[in-house]
1. Condition test on Glu45, is it more than 30 Å from Ile128 (Cα to Cα) and exposed (fewer than 11 other Cβ atoms within 10 Å of the Cβ)?
2. All but one of (1) over 22 Å from His52 (Cβ atoms); (2) open to solvent by 30 Å² or more (accessible area, probe 1.4 Å); (3) β-branched (Val, Ile, Thr) hold for Val151; state the number of the condition that does not hold.
3. For the stretch 49-66, does any single residue satisfy the condition of being within 22 Å of Ala95 (Cα to Cα), open to solvent by 50 Å² or more (accessible area, probe 1.4 Å), of a type outside the set (Asp, Glu) and in contact with a Phe, Trp or Tyr (Cβ under 9 Å, 6 or more places away or on another chain)?
4. For the stretch 1-15, name all the residues that are outside any helix (DSSP H, G or I) and either modelled with pLDDT of 95 or more or closer than 17 Å to Thr124 by Cβ (or both).
5. When you scan the stretch 83-162 for strands (runs of 3 or more DSSP E) that lie fully inside it, which ones turn up with 3 or more residues that are farther than 18 Å from Ala69 by Cα and touching a strand residue (DSSP E or B) at 6+ places or on another chain (Cβ under 9 Å)?
Amino acid sequence: MSELKELIEKFIELDDDLNEKIENYLESHDDIDEAFENDNEEQIEELGELYHEIEHMVFHEEFIIVSNASSEEKEVVALIISDEDEEAEEFVIPAFTDEKEAEIAIETFKEQFEENEFTCDKKTGSEIVADHSEDEDFIGLAINAPQWDFVIGSEEVHECHD
């Protein structure tokens with residue numbers, strides 16, 4: 001398993017745990033207060049550090065992206081995430097950490113779009129973001145979608161210079 005995949009799984013686990021704590025806390029309190037934040041400060045900080053590390057790794061990581069090869073011009077598969085009643089259709093690009101994850105997604109895509117033929121290419125996270133940076137409806141990358149519920153915003157994919 002890739003280091004990025006391990007970090008994201010750890011992040012999801014910590015985030016789910018914190019969300020459960022929040023739900024339990026809100027059963028007896030009106031809102032999240034300083035006491036809750038102090039009690040969970042270590043976990044909150046760990047989530048922030050993990051996310052920042054993920055931002056850096058996504059910048060350099062080579063992903064598999066899926067394209068529709070049935071149209072005249074090969075078109076990268078995008079997932080619409082905005083509501084139907086919204087004017088603009090915001091979207092994310094699914095990016096996969098390995099062939100197995102891509103194959104699972106392609107099976108899902110084939111169920112939804114039977115007539116399409118799919119192909120895979122490899123690009124780094126920074127290249128994928130750069131390819132779509134001109135589109136104001138582009139939100140970011142969905143890592144291993146639809147299996148995971150993890151999206152990293154395009155503006156968050158970066159490399160720090162020390």
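The values are calculated or read from the model by the stated rules, or taken from the named source; none is laboratory data. Just so it is clear, the structure is predicted and the values come from calculations on it, not from any experiment. Note that each Cβ is placed from the backbone with ideal geometry, even for glycine, and that neighbours are counted across all protein chains shown. For the accessible areas, the whole protein counts, side chains as well, though only heavy atoms, and no ligand, DNA or RNA atoms are used. Shrake-Rupley method; radii C 1.70, N 1.55, O 1.52, S 1.80 Å.
1. Numbers: more than 30 Å from Ile128 (Cα to Cα): no; exposed (fewer than 11 other Cβ atoms within 10 Å of the Cβ): yes.
Spelling it out, it is not the case that Glu45 is more than 30 Å from Ile128 (Cα to Cα) and exposed (fewer than 11 other Cβ atoms within 10 Å of the Cβ).
2. Result: Val151 passes all but (1).
3. So far as the stretch 49-66 goes, no, none of its residues is within 22 Å of Ala95 (Cα to Cα), open to solvent by 50 Å² or more (accessible area, probe 1.4 Å), of a type outside the set (Asp, Glu) and in contact with a Phe, Trp or Tyr (Cβ under 9 Å, 6 or more places away or on another chain).
4. Just the residues of the stretch 1-15 that are outside any helix (DSSP H, G or I), to begin with: 1-2.
If the condition is that a residue be outside any helix (DSSP H, G or I) and either modelled with pLDDT of 95 or more or closer than 17 Å to Thr124 by Cβ (or both), then Ser2 is the only one that fits.
5. Values: elements: 91-95, 118-124, 138-143, 151-153.
Once the strands (runs of 3 or more DSSP E) in the stretch 83-162 are filtered for at least 3 residues that are farther than 18 Å from Ala69 by Cα and touching a strand residue (DSSP E or B) at 6+ places or on another chain (Cβ under 9 Å), what remains is 138-143, 151-153.
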